[in-house]
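No lab work stands behind these numbers, since they all come straight from the coordinates. Here the structure is a predicted model, which means the values were calculated and not measured. Cβ placement follows ideal geometry from the backbone for every residue including glycine, while neighbour counts extend to all protein chains displayed.
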Amino acid sequence: MADTMQFDLVSPEKSLASGPATSVQIPGADGDMTVMANHAPTITTLRPGVLRVEAPDATTEYVVTGGFAEISAAGVSVLAERAVAKGDMTAEDMSEMVAEARAALNNAKEFFENEPGPVDDAAKLLADMVAMGDDMGIGSK
Amino acid sequence: MANLKELKNRIASVKNTRKITKAMQMVAAAKLRRAQEAAEQSRPYTTRFNAVMGGLAASVGGSGSAPKLLSGTGSDQVQLMVVMTSERGLCGGFNSNIVKKAKAHAAALKAAGKTVKILTVGKKGRDQMKREYGDFYIGHVDLTEVKRVGYTDAQGIAKTVLASFDAGEFDVATLFYAKFVNVVTQIPTAQQVIPAMFEVDEDAADTTLYDYEPSEEAILADLLPRSIATAIFSALLENGASEQGARMSAMDNATRNAGEMVDKLTIQYNRSRQAVITNELIEIISGAEAL
């Protein structure tokens, strides 16, 4: 049996999961990555996406937005601003989040007229949200 | 000698007050437990967040490219004070203590020739601060409708603060709230959030060398605004627990005082009643003797 490592998923409001995991798929800002035991210590920011945790006995999936993951010798900790078990995610939640991202993009467009940086970031966030929704089959228009 | 009827009414009214304060105390105790649980549950996030931020800030902070949120604007002329208080009263000195601390801070800043701006969270603090510092107001966040403080509320406040920082409206931001120690002790605290400061425990500071993805700077730039929200959120939770703790002990005192008052009034009532009876007897006896 494969080695396991400690996995923690915490949001500001509560700790969602804690236990052993054989592998964790993290939606990193620069691309997905799968972490297994004895991974090199890494810190990566998250993009909105699905976090997939494979434990010895079950596989769980969470929808996470905003935050970062810390991979150390002790295990993986994911600190997400918003984290929901994938099964609990509804189309309403999704469209709410997409609407939020869209508002942020419009805001950024107004605020930073001559700076592409923040506008691109907001646009990427929106695109990530929509992609995540489509991926889960509850995409919104 | 007070009128018997009056005394009786008075006793009844104090007894009613005692019932109300007792009920409020019990409600506060239940709410306190919930508030403490919420604070407890947010702790793992905050601790880890700050540990990572502390490490990042230490490694990037020295370089000239550090974000403004971390290194500051290079000035401390305009100071923003975020004063967090409760939405409801009847919680002892809770609000006054925070406001007192904030006022002392504002007075010191004014004496030093700085510009003060104030943002209040919570109705009670706004009312108290307005009397003296009404001109410095830049806004108020109303949480009256919020039953249970969530992270989104903190994000909302953080957004207001950050937007105003980006617009160059202030240089330094400080949070004022009460730190919960236990039911009888809540310490009014001032915490500077912009430029950000992270307490790094020297002994616990881990020396692991991390790979950063994307770059250290990019991560820091992404996480700093979130750290403001995190700081505000934990301040809100601390404040929530402190408020209920203060209310609980204030109501406990009030209940005890009401009890003492009932005892005192009852003695007085009995004495007057006896005096009236004695009087009547004397009248009857002297009437009978006169015959």
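Tabulated results
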| item | result |
| --- | --- |
| Listed peptides A:95-103, B:228-236 by packing density, highest first (mean Cβ within 10 Å) | B:228-236, A:95-103 |
| Pairs beyond 29 Å (Cα-Cα), from A:K14/B:K130; B:K8/B:K124; B:K68/B:K110; A:K14/A:K109; B:K15/B:K103 | A:K14/B:K130; B:K8/B:K124; A:K14/A:K109; B:K15/B:K103 |
| Efficiency of FRET from Cβ geometry, B:S59 and B:Q36, R₀ 45 Å, rounded to 0.05 | 0.80 |
| Charge sum, other residues only, whose C-beta stays under 14 Å from B:G125's C-beta, Lys/Arg counted +1 and Asp/Glu -1 | +4 |
| Beta bridges per DSSP with both ends in the protein assembly as shown, % antiparallel, nearest 5 | 65 |
| Spherically averaged projected area of the range A:1-98 from its Cα convex hull (nm²) | 6.1 |
| Shielding by partners - mean other protein chain Cβ count within 10 Å, residues of A:3-13 | 4 |
| Unit charges on C-beta of K, R, D, E only; dipole of the protein assembly as shown, Debye | 3120 |
| Cβ-based net charge around A:A29, under 12 Å, with every Lys or Arg adding one and every Asp or Glu removing one | -4 |
| For residues of B:31-41, the mean tally of beta carbons on other chains within 10 Å | 1 |
| Charge dipole of the range B:22-250 about the Cα centre (unit charges at C-beta), most positive-ward option of B:A23, B:I219, B:G168 | B:A23 |
| D (Stokes-Einstein, µm²/s), Kirkwood Cα radius, chain B, 1.306 mPa s at 10 °C | 71 |
| Relative packing of B:86-97, B:278-289, which averages over residues the other C-beta atoms within 10 Å, highest first | B:86-97, B:278-289 |
| Cross-link partners of B:K147 among aspartates and glutamates (Cα-Cα below 18 Å; sequence separation of 8 or more within a chain) | A:E13, B:E37, B:E87, B:E238, B:E243 |
| Phi to ³J(HN,Hα) by Karplus 6.51 cos²θ - 1.76 cosθ + 1.60 over the range B:231-243, Hz, x for Gly, Pro | 4, 5, 4, 5, 5, 4, 5, 4, 4, x, 5, 4, 4 |
| Exercise: per-residue mean of other protein chain Cβ atoms within 10 Å, A:36-45 | 4 |
| Neighbour-count ranking [beta-carbon atoms within 10 angstrom, fewest first] of B:T21, A:T60 | A:T60, B:T21 |
| Relative contact order [Cα under 8 Å, 6+ residues apart], the range A:5-87, whole percent | 31 |
| Sites A:D57 and B:T115, calculated FRET efficiency, Cβ-Cβ separation with R0 60 Å, nearest 0.05 | 0.50 |
| For the range B:96-166: rounded, prolate or oblate by the Cα gyration tensor [a/c cutoff 1.5] | oblate |
| Calculated FRET value between B:R43 and A:A91, using beta carbons and R₀ = 35 Å, to 0.05 | 0.60 |
| Label point distance in nm, B:K159-B:S215, each placed 7 Å from Cα along Cα→Cβ | 3.0 |
| Chain B - percent relative contact order, Cα under 8 Å, separation 6 or more | 32 |
| Viscosity 1.306 mPa s, temperature 10 °C, Stokes-Einstein D of the range B:50-132 from Kirkwood C-alpha radius, µm²/s | 105 |
| Percent of alpha-carbon pairs separated by more than 40 Å within the protein assembly as shown | 33 |
| Compactness index (Cα Rg / 2.2 N^0.38 Å), the range B:1-157 | 1.49 |
